[in-house]
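The values are calculated or read from the model by the stated rules, or taken from the named source; none is laboratory data. Being a predicted model, the structure only gives us computed values, none of them experimental. Quick reminder, even Gly has a Cβ in these numbers, built from the backbone with ideal geometry, and neighbours come from all protein chains shown. SASA here: full protein model, heavy atoms, side chains in, ligands and nucleic acids out. Shrake-Rupley method; radii C 1.70, N 1.55, O 1.52, S 1.80 Å.
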Amino acid sequence: MIKFSHTLFALPFALLGAALAAKGPDGWRGRPQDFVGILICMATARSAAMAFNRLVDRRYDAANPRTANRHLATGALSVNFARLFALTNTGLFIAATSLFLPNWLPLALSVPVLLWLLGYSYAKRFTSLAHYWLGLALGMAPLAAWIALRGDVAWTPVILSAVVLFWVGGFDIIYACQDVDFDRAVGLRSIPARLGVSRALWVARMSHALMLVCLLILGQAAGLGWIYHLGVAVVALVLLAEHLVVRSDDLARINLAFFQLNVVISVGLLMVGLLDLTFLG
C-alpha cells in the first residue's frame, strides 16, 4: 500500500533542515534522540497520510485504470486494516514528538501538522492548486526539523521549505498529466485538468525555476559555499532532463521523471549540503 522508498522525496530535506539547525560556529549540536525523533516522525506522518489518502480515494482508484490495481481497490487489503494502520501511525507520530521535550513546540504543532497532511486527500475535490497543498505538506519537513532542534523559526528553514514547495508542486503537476481525462470525467481538480497538459507542463517548468531561485537564496542565507552551489548546478541539469523526457505528446517516461530523477535531486542536495557544512561551514 505504501512504498517506503517514496519517503526519499521529503526525508533528505528534513535531514538537511536538521543539519542546518545543528551546525553552529562551535561545531555540531543536537541530542541523538532528536535525530531519532525526526526519522520516526517522518516515517509515521507519511505513512498515516498515505494510508488516509488511499482510504479517501479508494473508489476513485478503483475506477481509474492507472490505479485500479492498488491494494484497497482490489481488496488485497481491507478497509479496516488501512484504518487501523492510519490510526496507529497517527498515534505514533504524536507520541514521537515527546522525544524533543523539553522543547514543547513539536508536540503542540503535531495535530495541526497532521490535519494539513490528511487534508491534502480532499484538496482535489475543491482546488486545482492541490499540487501545492502537497508541496507545502512535504515542505513542512525541513521547517519542522529546525523547530525540533532549535525551538524557533528562522528564514533559513523557511526558504528550504519553499524549495520543497515549488519542487513537489512542479513534479506533482507533471505526474497529474497522466490522469487529465479521468479527473475531468469525475470532477476532480488539477492544473492539467484545468489548463491542459501543454500549459500545465509550462506551469511545472516555472515552478521548478522558482525552486532553483530559492536554492540560490538558501545558499546565501545559510552561508553555504562552492560545494553546495555546484550541487545546485547539477540539480538544474537534472530538472532540465526531467522536463526533456516528458512532453505533452509523450507522457510514457513520467515514472522516470517522477521517481528516479527526483530521488537523485533530494538525496543529492542532502549530500552536497552535508559536505559543505562539514568541510566549508
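Brief remarks follow.
- Kirkwood Rh and Cα Rg combined as Rg over Rh, evaluated for region 42-171: 1.02
- Cα-centred dipole magnitude for the chain, charges only on beta-carbon of K, R (+1) and D, E (-1), debye, nearest 20: 580 debye
- Dividing the mean sequence gap of close Cα pairs (under 8 Å, 6+ apart) by how many residues region 170-275 holds gives a relative contact order of 28 percent.
- For the chain, the longest site-free run once trypsin sites (Lys or Arg not before Pro) in DSSP loop states with at most 13 other Cβ atoms within 10 Å are removed: 126-281
- Chain lengthening between Tyr122 and Ala209 when straightened (0.36 nm per residue, less Cα-Cα): 28.6 nm
- Between the C-alpha center of region 49-83 and that of region 237-281 there is a gap of 29 Å.
- The chain: calculated mean residue ellipticity at 222 nm from DSSP helix runs of at least 4, using -39500 (n - 2.57): -23500 deg cm²/dmol
- Solvent-accessible area per residue, Å², over region 57-110 with all protein chains present [probe radius 1.4 Å]: 59 Å²
- Sorting Leu11, Leu239 by solvent-accessible area of protein heavy atoms yields Leu11, Leu239, largest first, with a 1.4 Å probe.
- Here the convex hull built on the C-alpha positions of region 168-281 has a volume of 89 cubic angstrom per residue.
- Built from the Cα atoms of the chain, the convex hull projects on average onto 13.9 nm², one quarter of its surface area.
- Loop chymotrypsin sites (Phe, Trp or Tyr not before Pro), region 78-134, which have at most 10 other Cβ atoms in a 10 Å radius of their Cβ (DSSP): Phe126
- Pairwise centroid distance, computed over Cα atoms, of region 96-131 with region 138-200, Å: 15 Å
- Relative contact order (%) - criterion: Cα under 8 Å, at least six apart; region: the chain: 21 percent
- Each semi-axis of the equivalent ellipsoid for region 200-267 is √(5λ) with λ an eigenvalue of the Cα gyration tensor; in descending order they amount to 25, 13, 8 Å.
- Region 1-58 - charge dipole about Cα centre, Lys and Arg +1 at Cβ, Asp and Glu -1, debye rounded to 20: 140 debye
- Surface composition of the chain: carbon and sulfur atoms hold 69% of the protein heavy-atom accessible area at a 1.4 Å probe.
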